[in-house]
């Protein structure tokens, strides 16, 4: 591809799409490169998931999101974002993963995919974090019945399932599995479930604990996973929990591969990249960050609600320079 674009956007999540909308409206030459489908992370959320927020806080481009209830569902969000792409004819390349991102100097970038080499004077990294689960580093974590992602309960009826985690994803998965007929145990290292639990989820999971319908193992640490059990230490007491399926829902973190390729500075512990909070430009001129990638491991700081606003700021900075 000989054309020099104004902007390459990596990632077609809500933040990447919001950035594309602003680029489109400003007449910039851009492309969005996405390794999966549009809003790929939301597509991989549990099928019955309900967002914590209200519809207007998920909207991008000033286009209303219509929801049947107070809180929008995963399926409503997927339909909404897909319709925006079609209505505005955004330049999205699905299933085209960026394999390498290189710089020949300030505002000279090259993104290589299996199909093409794209060149641009600016790059926006909007890759989120959902593709990179936090690994526990325990024996058995790579067994075939262990997953870092939960989808739906139907395959686990009348099965022993262990869920590891203490936040919304773990609590909601445990509840969904219980109601789908699984025998569920939940393991969490804290003394109680996380403080950010949705207000309708907390009493539900706590009541399931009290009724013995979901077995809680709080203040517990997973030692190893075998083909039939999860071995847990609970404040010095050893437990061997039957497990025909294990969901390790212990969170996710952003990838630093593109940071390394371009020379973007970041903290090795928090994975938080160096950037100007006024423009979201990194220490590399022409490289911008959008969405939860800004927070590194601290992905509870940036959600769709505030990340969707990054694109307007970034495009304003780019157009001012142009």
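The values are calculated or read from the model by the stated rules, or taken from the named source; none is laboratory data. On a predicted model such as this, the values are computed, not experimentally measured, just so you know. Cβ coordinates were reconstructed from backbone atoms using ideal geometry, including for glycine residues, and neighbour counts include every protein chain displayed.
A few remarks follow.
- Total residues in the range 298-322, condition touching a strand residue (DSSP E or B) at 6+ places or on another chain (Cβ under 6 Å) and part of a loop (DSSP other than H, G, I, E, B): 0
- Any hit, the range 250-258, residues being surrounded by 18 or more Cβ atoms within 10 Å (Cβ to Cβ), touching a helix residue (DSSP H, G or I) at 6+ places or on another chain (Cβ under 8 Å) and at pLDDT 95 or above: no
- Pairs linking a residue in the range 134-150 that is free of Cβ contacts under 8 Å to residues at least 40 places away in the same chain to a residue that is surrounded by 15 or more Cβ atoms within 10 Å (Cβ to Cβ) and part of a loop (DSSP other than H, G, I, E, B), with Cβ atoms under 7 Å and 6 or more positions apart or on different chains, are 135/141.
- Scope the range 280-297; condition out of contact with any strand residue (DSSP E or B) (no Cβ under 6 Å at 6 or more places or on another chain) and more than 20 Å from residue 129 (Cβ to Cβ); matching residues: 283, 284, 285, 286
- Condition check for residue 19: in contact with a strand residue (DSSP E or B) (Cβ under 7 Å, 6 or more places away or on another chain), part of a helix (DSSP H, G or I) and in the same structural domain as residue 280 (by TED's automatic domain parsing): yes
- Among the conditions (1) in a loop (DSSP other than H, G, I, E, B); (2) exposed (fewer than 15 other Cβ atoms within 10 Å of the Cβ), residue 155 misses just one, which is (1).
Here is a yes/no grid of residues against (1) assigned by TED's automatic domain parsing to the domain that holds residue 29; (2) touching a helix residue (DSSP H, G or I) at 6+ places or on another chain (Cβ under 8 Å); (3) surrounded by fewer than 16 Cβ atoms within 10 Å (Cβ to Cβ):
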{"residue": "56", "(1), (2), (3)": "yes, no, yes"}
{"residue": "62", "(1), (2), (3)": "yes, no, yes"}
{"residue": "66", "(1), (2), (3)": "yes, yes, yes"}
{"residue": "73", "(1), (2), (3)": "yes, no, no"}
{"residue": "79", "(1), (2), (3)": "yes, no, yes"}
{"residue": "87", "(1), (2), (3)": "yes, no, yes"}
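- Taken together, 261, 235 contain a single residue that is in contact with a strand residue (DSSP E or B) (Cβ under 7 Å, 6 or more places away or on another chain) and surrounded by fewer than 18 Cβ atoms within 10 Å (Cβ to Cβ), which is 261.
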